[in-house]
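Here is the structure we will look at, set down as structure tokens.
The values are calculated or read from the model by the stated rules, or taken from the named source; none is laboratory data. These figures come from a predicted structure and were not determined experimentally. Because the Cβ atoms are built from the backbone with ideal geometry, glycine has one as well, and the counts that use them run over all protein chains shown.
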Amino acid sequence: MAVSPLVSHSPSAASSSPAKLRAANVRSSATKPENASSHQPSQNTDRELTEQLNDEVRQKYVKDKRLGEGTYAVVFLGRLRTDPSSFVAIKKIKVNAEYKDGLSMDAIREVKYLQELSHPNIIALHDVFSSKDQNLNLVLEYLPLGDLEMLIKDGNVHYGAADVKAWMGMLARGVWFCHENFILHRDIKPNNLLIASDGEVKLADFGLARSFADPYLNMTHQVITRWYRPPELLYGARQYSGVVDVWSMGMVFAELLLRVPFVAGNTDLDQISKICEAFGTPTEENWPGVSKLPNYIAPDRNHLVPTQGRDFFLRQFPNAGPVGADLLMSMCTLDPRKRKTACEVLQHIWWTSEPRPTDKHDLPRKSGGTRKMGDDLTRRGGEIDENAFKNAARKLDFSAM
Amino acid sequence: MIEDDIYRTSSQFRIWSFTEDSLKQLRATTNTIASERVRAALRRAREARQSAAPSAAGTPTANQSGSEADGKGPGERIIECLTPEEEQELVRYYCEKTVELGETYKPPMPTIVRATAIQYLRRFYLTNSPMTYHPKSIMACALFLATKTDNYYMSLRQFAAGIPGDTTQEDVIAPEFLIMQSLRFTFDVRHPFRGLEGGIMELQAISQGLGQPSPLQPQQTPEDLRRGLSSIPPAPNASSSQSLNDRLARAHHTTREILKSAAQMTDAYFLYTPSQIWLSAFFLADKPLAEFYLDTKIGGPLSSLRTKLLTTLTNCSNLLSAYKPLSTDPEQMKTLRRIAKKLYHCQNPEKANIAGQKRIPAAAMSSGAATAAGTPVAGGGSGESGAESEMERLAKKRKLEGGGSSGTKADDMFGGELVTQRNKQQGPTSHPEAG
């Protein structure tokens, strides 16, 4: 597995979750033929080879109780048949009777990209299998501690700069890995950042992801939830790069520090004006070529907000410290060409300057304490846990974006 | 070696990379299973027919029911199944047809979409046999799936309308799940095209004196690189007056053509990595240029690695240069017609209609799923016997046509518009099947 340039300590590689360790074996990359040729199909010629392989995968898991349901999918708790204490989340994609064009794009994207991405900060897809009636089941890593949004919103949860640094570090490594694999996530926001039982943050929801387009080919600009959408997409850019995700990361960073969304527009237009107020008005001077973007709105000459400098970020985000404020500023640079890439973000001195990031096991968590995952399930619905489950399920539901 | 590590996590490496032996073995296994199932299905059809009409004339099996019990009677002998090699030929033909189908759209589908569809087809037929699922009924769906996975989305309606002939939307989408399952739900295909573009851009930069020295040879200057590039021996079969830019453009084009054809139609993707494939094609296009490029990467201290890599590249180049397009080669087309004729007799009747199987897994089907197919079966009392009789009719038709008429059918199939033929062919079998 590839390692991010700036993993100072890599506890993330050795997970405490048995399910994950086992999954790592399943997805082992060391031996070449994991493929069908290594299987000795049974002499039962009544089932085709593909079906036999599918059966083998399906029989590895036992479906347990339902964790949540959305319009697009149902999420179940699952266990490994051979080790019932290893949990997984089984997401069953609903067959949409309205949609006649086969499997939906959301599902295709999610499966396509998660199959390729194997990294501690990206939700693991252990397996995919079909159940009866041609239902698609995704066996995902079980992430029982909710998401970053829950923590940001809960006033009872207290956290500091070292915790923010730990969370941002995990996010940045996950995003860097996507980009290193030529994949844009295109929907980074706090409630797509789920938390594993050991505190590790995992980037989830790849329903809007896509591979980098080849040069000169267009992509859609209708992606990324509005508050986290960069100005180039709001202006309708059809050719863009990984730094769209970096802008979103910057917004998550700001939100972690402020505990409210930093630029929360009511409409796309409102979002643009709020960005202008906060960071400065995009002009040909600070962003050459911006006026050529399809949805560019010429600013009112009398209300030009100058590009905000370091002082502004320090004032707005005092708890980031001068170095943190500098990193945040480089992530929310208006001109995408001048914005830092995910790799450059990881090379910033903030990560190695004081305070050191909190160890993931010691990060604040909403359910409090270090309960075992098994306890969460045997206990009859404590309120907080119930919410955590609902939340985890909802996050896995791609229609809820 | 971080890029290699990343590649090793890809599904293309984890699931779809093979050694020559493992690939051969997998195909043999698939072929064996499919052959047994075809024979069993045809035997069931024959038995059903015998019990329904013991005195049926014109079927040789009717007189030999005694020797048939052990499955070795003359009735059995006429079911000659395809060999793995014949299956491969047939699939290759439909891969070539996929390129043509993509060409019929306005605008033509991007190369990458067609290439992905071809790799889907090739992967599909590693664990499925054309005797079970005829490539003509899988091909269009593979292309449609590729439009979805490669961000060239068009509606099913639009897609079906673009197919010559009267293929319906349902025809196209019916095998989608079957294909996805056979692809083991991995949709990402890593193509060699992007690597080629990058390599050409690097060479162009070098020719303009803007080259980046390799980290292993930091003493090189952009000027050294530029001089090196301009002093390489001329390409064979090129005029000496050719400018460096023309030479690069020409090598680029030739390589790309190889990647669009030979790299798609051979086992290259199963046996080699994308960068090995484009470099091998580049070697075929302009050897001195390719050698220079390789030197900028792994010259100097890595010469032992270079030797090792060259062996791999040579093997891959040989594979690529051995490719001859089927449709322009009368000799290969003759073989193909023979295979098609043979397939006509060993097509699994129980799998003839994919649409009918939709949402019915094979396990359920074997326990009398005729009722589940939903459509009334022609001439059947109960669902079960109705379907049996349909199968019997099919098998009989095959036998009757065995003499001559199927020959014309097979010829038909490979002339004119492919998909129209597909409908003609499917006509008699487009009823719910049993089994």
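For the range A:44-54, state whether one or more residues are part of a strand (DSSP E or B) and either at pLDDT below 90 or more than 10 Å from chain B (Cβ to nearest Cβ) (or both). Within the range A:44-54 (the criterion being part of a strand (DSSP E or B) and either at pLDDT below 90 or more than 10 Å from chain B (Cβ to nearest Cβ) (or both)), the answer is no, since none of the residues qualifies.
Residues that are modelled with pLDDT of 95 or more and farther than 18 Å from A:L363 by Cβ are absent from the range A:144-167 altogether.
Taking the listed residues A:Y159, A:Y113, the one that is more than 9 Å from every other protein chain (Cβ to nearest Cβ), among the hydroxyl-bearing types (S, T, Y) and in contact (Cβ under 8 Å) with a residue 12 or more places away in the chain is A:Y159, with no other qualifying.
Does B:G211 meet the test of being part of a helix (DSSP H, G or I) and under 26 Å from B:L259 (Cα atoms)? Answer is no for this residue.
Quick check on B:D188: is it more than 9 Å from chain A (Cβ to nearest Cβ) and either touching a residue at least 24 places away in the same chain (Cβ under 8 Å) or in a helix (DSSP H, G or I) (or both)? So B:D188 does not fit the description; no.
Could you grab me the full set of residues in the range A:280-332 that are in a helix (DSSP H, G or I) and more than 22 Å from A:V164 (Cα to Cα)? Steps first, answer last, please.
Going residue by residue through the range A:280-332, those that are in a helix (DSSP H, G or I) are A:290-292, A:301-303, A:310-316, A:318-331.
Scanning the range A:280-332 gives A:V290, A:S291, A:K292, A:R301, A:N302, A:H303.
How many of the residues making up the range B:123-141 are in a helix (DSSP H, G or I) and among the small types (G, A, S)? Looking only at that region, the number is 2. Any residue that is away from chain A (no Cβ under 14 Å), modelled with pLDDT under 95, farther than 25 Å from A:V111 by Cα and not in a loop (DSSP other than H, G, I, E, B) - is there at least one of those in the range B:143-163? The answer is no; no qualifying residue exists.
Helices (runs of 4 or more DSSP H) wholly in the range A:99-193 with at least 1 residues that are in contact with a Gly (Cβ under 7 Å, 6 or more places away or on another chain) and hydrophobic (A, V, I, L, M, F, W, C) - which ones?
Values: elements: A:105-116, A:148-153, A:161-180.
Correct list: A:161-180.
In the condition set (1) more than 14 Å from chain B (Cβ to nearest Cβ); (2) without any contact (Cβ under 8 Å) to a residue 12 or more places away in the chain, A:K100 is compliant with all but (1).
Within 11 Å of chain B (Cβ to nearest Cβ), modelled with pLDDT under 85 and touching a Lys or Arg at 6+ places or on another chain (Cβ under 9 Å), is that true of A:A73? Considered against the rule, which asks whether it is within 11 Å of chain B (Cβ to nearest Cβ), modelled with pLDDT under 85 and touching a Lys or Arg at 6+ places or on another chain (Cβ under 9 Å), A:A73 comes out as no. For the structure I just gave you, tell me whether A:L269 is within 22 Å of the chain's Cα centre (by Cα) and in a helix (DSSP H, G or I). The answer is no for A:L269.
Here's the yes/no breakdown for (1) within 14 Å of another protein chain (Cβ to nearest Cβ); (2) modelled with pLDDT of 75 or more:
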| position | (1), (2) |
| --- | --- |
| B:D4 | yes, yes |
| B:T29 | yes, yes |
| B:A48 | no, yes |
| B:S51 | no, yes |
| B:T59 | no, no |
| B:A62 | no, no |
| B:G66 | no, no |
| B:D70 | no, no |
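Is it true that A:L184 is surrounded by 22 or more Cβ atoms within 10 Å (Cβ to Cβ) and under 21 Å from A:L363 (Cβ atoms)? Criteria not met by A:L184. Taking first residues from the range A:214-225 that are within 16 Å of A:R186 (Cβ to Cβ) and partners that are part of a loop (DSSP other than H, G, I, E, B) and among the β-branched types (V, I, T), the Cβ contacts under 9 Å between residues at least 6 apart in sequence or on separate chains come to A:I224/A:I188; A:T225/A:I188.
Residue by residue, here is whether (1) farther than 20 Å from B:K97 by Cα; (2) surrounded by fewer than 14 Cβ atoms within 10 Å (Cβ to Cβ); (3) not assigned by the TED database to the domain that holds B:A205 holds:
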position	(1), (2), (3)
B:R256	no, no, no
B:L259	no, no, no
B:D267	no, no, no
B:A281	yes, no, no
B:L284	yes, no, no
B:A290	yes, no, no
B:L294	yes, no, no
B:S303	yes, yes, no
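Determine whether B:K324 is modelled with pLDDT of 85 or more and more than 30 Å from B:I6 (Cβ to Cβ).
Details: modelled with pLDDT of 85 or more: yes; more than 30 Å from B:I6 (Cβ to Cβ): yes.
So B:K324 passes the test.
Just one of the listed residues (B:S22, B:S10) is within 30 Å of A:L125 (Cβ to Cβ), within 7 Å of chain A (Cβ to nearest Cβ) and without any contact (Cβ under 8 Å) to a residue 12 or more places away in the chain, and it is B:S22.
Evaluating B:E86 against the criteria (1) under 11 Å from the mean Cα position of the chain (by Cα); (2) assigned to a helix (DSSP H, G or I) leaves one unmet condition, (1). With the requirement that a residue be more than 14 Å from chain B (Cβ to nearest Cβ), of a type outside the set (S, T, N, Q) and assigned to a loop (DSSP other than H, G, I, E, B), what does the range A:194-220 give you? Listed by number, the residues that qualify are A:A196, A:D198, A:G199, A:E200, A:A204, A:D205.
Within the range B:301-345, the set of residues being closer than 22 Å to B:E20 by Cβ and not in a helix (DSSP H, G or I) comprises B:A322, B:Y323, B:K324, B:L326. Among the residues of the range A:197-204, none qualifies, meaning not one is surrounded by 22 or more Cβ atoms within 10 Å (Cβ to Cβ), touching an Asp or Glu at 6+ places or on another chain (Cβ under 6 Å) and modelled with pLDDT of 90 or more. Looking at B:P330, B:P274, just one residue is touching a Gly at 6+ places or on another chain (Cβ under 8 Å) and more than 21 Å from B:L229 (Cβ to Cβ), and that residue is B:P274. The requirement of being surrounded by fewer than 24 Cβ atoms within 10 Å (Cβ to Cβ), touching a helix residue (DSSP H, G or I) at 6+ places or on another chain (Cβ under 6 Å) and charged (D, E, K, R) is satisfied by A:R226.
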